[in-house]
Amino acid sequence: MRKALRTVVVVTAVMLMVLLAFTGCTKYANEQQLQALEETKAAAQAAEKALADCKSETASLEGQLAEKKQALEDVKKEQQAVNQRLADMES
Amino acid sequence: MTNKLVLTIVLSLVLVLGASLSFAQEKMTMEEYEKQLAEWQTRLDAADKGKADCGTANEALQGEIDAVQAETDKVWGEILESLGTDQDGVDAFRKELQAMDAKADGLLALSAEELFQRRDEVEALCADLAAAKGNKISALTEMQNLIAVIEGKLAQIKNKLPKATYEPYTVVVGDYLWKISGKDEIYADPTQWMKIYSVNTDQIKDPDLIYPDWVLKILKGGTFPDQYIVAKGDYLQKIAENPEVLGDPASWTKIYEKNKDIIGNDPNMIFPHTVLVIPKE
């Protein structure tokens with residue numbers, strides 16, 4: 001019984017040593033670095049959202065421009081028609 | 001004994017491995033951190049550049065929109081100048097046409113008889129529309145369309161109006177009602193003399209006595225809404241029963257009372273071609 005207990009203690013100790021050896025060799029990011037990463041991530045996401053909004057506004061402006069151009073064409077045609085009708089009224 | 005030993009070792013291993021994994025999951029390795037930081041930084045830079053380019057493009061687009069709008073305003077200003085008016089004048093003219101359109105709708109909803117009674121309004125509307133067509137503002141396409149709509153409604157109103165008219169005829173020496181009725185330009189049928197007599201009772205007291213230079217009314221184009229021309233086989237009850245007259249045979253007395261001067265004392269004796277005036281209910 002005593003022998004078994006000793007074996008357990010030894011095995012556990014060995015495994016803890018192995019674990020400490022592994023974890024001790026790996027470098028981890030500290031709190032400050034993680035905070036900086038989060039800030040960069042938030043800034044990038046905000047910038048991407050602003051870019052999407054801007055592109056949406058571009059699409060809206062392009063639509064408005066197309067409408068305005070059409071309105072200009074229409075008013076030019078109207079001008080021709082009105083001039084013709086006025087000439088007909090006078091003759 | 002050996003089994004207990006093995007079980008104990010396995011349990012110890014599980015505990016140690018679990019603790020190890022838990023520790024590893026909570027922490028971010030430097031390698032992962034640097035990779036993620038670089039990735040987010042790249043995305044941030046790309047978005048910032050895109051935003052700048054997009055802003056410039058939008059400013060250019062807004063400038064183009066403003067320029068096109070200014071050009072449109074200029075052309076519209078030229079149109080108004082050629083019409084000799086301003087935007088307020090155009091708006092007022094549009095309102096005028098819309099009021100005419102509403103008036104036409106109101107008239108169109110009337111029955112033929114009501115329309116006949118309000119034919120002065122129809123004529124006034126025609127005159128107003130003719131005047132509007134003479135206004136330079138009517139040269140605008142929008143106004144042309146509105147005018148076309150009103151003209152269409154007026155055409156329907158005129159179609160609905162009774163076509164009957166009175167044409168004048170001046171009596172000459174040697175004329176008598178039978179002879180006048182037989183003339184081609186009158187009815188080309190002497191038996192219709194009652195038609196002439198019954199619409200001229202204000203002048204003719206005796207159908208055998210008419211005088212030269214009298215101007216008689218000759219009913220043409222059917223009847224007016226308040227008139228009925230007696231046909232062969234008609235009697236007052238039958239006429240009163242007609243749904244287009246009174247729709248009630250018992251109301252024949254109303255017709256008789258209204259036309260007593262033409263019918264005479266015997267309501268059972270009415271002659272074909274007599275023009276009766278139908279009383280309003």
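The values are calculated or read from the model by the stated rules, or taken from the named source; none is laboratory data. No experiment lies behind these values; they were computed from the predicted model shown. All Cβ positions, glycine included, derive from the backbone under ideal geometry; neighbour counts span all protein chains shown.
Scan segment A:50-66 and tell me whether some residue there is modelled with pLDDT under 85, farther than 30 Å from B:Thr72 by Cα and more than 7 Å from every other protein chain (Cβ to nearest Cβ).
First, the residues of segment A:50-66 that are modelled with pLDDT under 85: none.
Scanning segment A:50-66, I find no residue that is modelled with pLDDT under 85, farther than 30 Å from B:Thr72 by Cα and more than 7 Å from every other protein chain (Cβ to nearest Cβ), so the answer is no.
So in segment B:57-89, with the set limited to residues that are among the hydroxyl-bearing types (Ser, Thr, Tyr) and facing chain A (nearest Cβ under 10 Å), which one is surrounded by the most Cβ atoms within 10 Å (Cβ to Cβ)? Steps first, answer last, please.
To start, the set of residues in segment B:57-89 that are among the hydroxyl-bearing types (Ser, Thr, Tyr) comprises B:72, B:82, B:85.
Adding the requirement that they be facing chain A (nearest Cβ under 10 Å) leaves B:72, B:82.
Working: B:Thr72: 18, B:Ser82: 14.
Ranking the candidates gives B:Thr72 first.
When you check B:Ile204 against the structure, is it part of a loop (DSSP other than H, G, I, E, B) and crowded, with 16+ Cβ neighbours inside 10 Å, yes or no? It would help to see each step written out before you state the result.
On the way: part of a loop (DSSP other than H, G, I, E, B): yes; crowded, with 16+ Cβ neighbours inside 10 Å: yes.
Yes, satisfied.
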Practice item. Tally the residues that are touching a helix residue (DSSP H, G or I) at 6+ places or on another chain (Cβ under 9 Å) and either polar (S, T, N, Q) or closer than 21 Å to B:Ala38 by Cα (or both), restricting the search to segment A:43-58. Key: 10
Study note, to complete from the structure: The residue that is farthest from the chain's Cα centre (by Cα), considering only those in segment B:228-279 that are of a type in the set (Phe, Trp, Tyr) and not in a loop (DSSP other than H, G, I, E, B), is B:Tyr256
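On the given criteria, is B:Ala92 out of contact with any His (no Cβ under 7 Å at 6 or more places or on another chain), within 11 Å of chain A (Cβ to nearest Cβ), assigned to a helix (DSSP H, G or I) and small (Gly, Ala, Ser)?
For B:Ala92, the condition - out of contact with any His (no Cβ under 7 Å at 6 or more places or on another chain), within 11 Å of chain A (Cβ to nearest Cβ), assigned to a helix (DSSP H, G or I) and small (Gly, Ala, Ser) - is not met.
Could you tell me whether segment B:154-164 includes any residue that is more than 30 Å from B:Leu80 (Cα to Cα), assigned to a strand (DSSP E or B) and either more than 20 Å from the chain's Cα centre (by Cα) or at pLDDT below 95 (or both)?
Taking segment B:154-164 and keeping what is more than 30 Å from B:Leu80 (Cα to Cα), we get B:155-164.
Within this subset, residues satisfying the condition of being assigned to a strand (DSSP E or B) are none.
Scanning segment B:154-164 turns up no residue that is more than 30 Å from B:Leu80 (Cα to Cα), assigned to a strand (DSSP E or B) and either more than 20 Å from the chain's Cα centre (by Cα) or at pLDDT below 95 (or both).
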Check your understanding: B:Gly264 versus (1) surrounded by 13 or more Cβ atoms within 10 Å (Cβ to Cβ); (2) more than 18 Å from B:Ser181 (Cβ to Cβ); (3) not charged (D, E, K, R): which is the lone unmet condition?
Key -> (1)
Practice item. Would you check if there is a residue in segment B:132-148 being under 30 Å from B:Ile263 (Cβ atoms) and of a type in the set (Val, Ile, Thr)? Key: no
Revision key, fill the gap. Flagged in segment A:77-90 as loosely packed, with under 14 Cβ neighbours inside 10 Å and facing chain B (nearest Cβ under 7 Å), in numbering order, are A:Met89
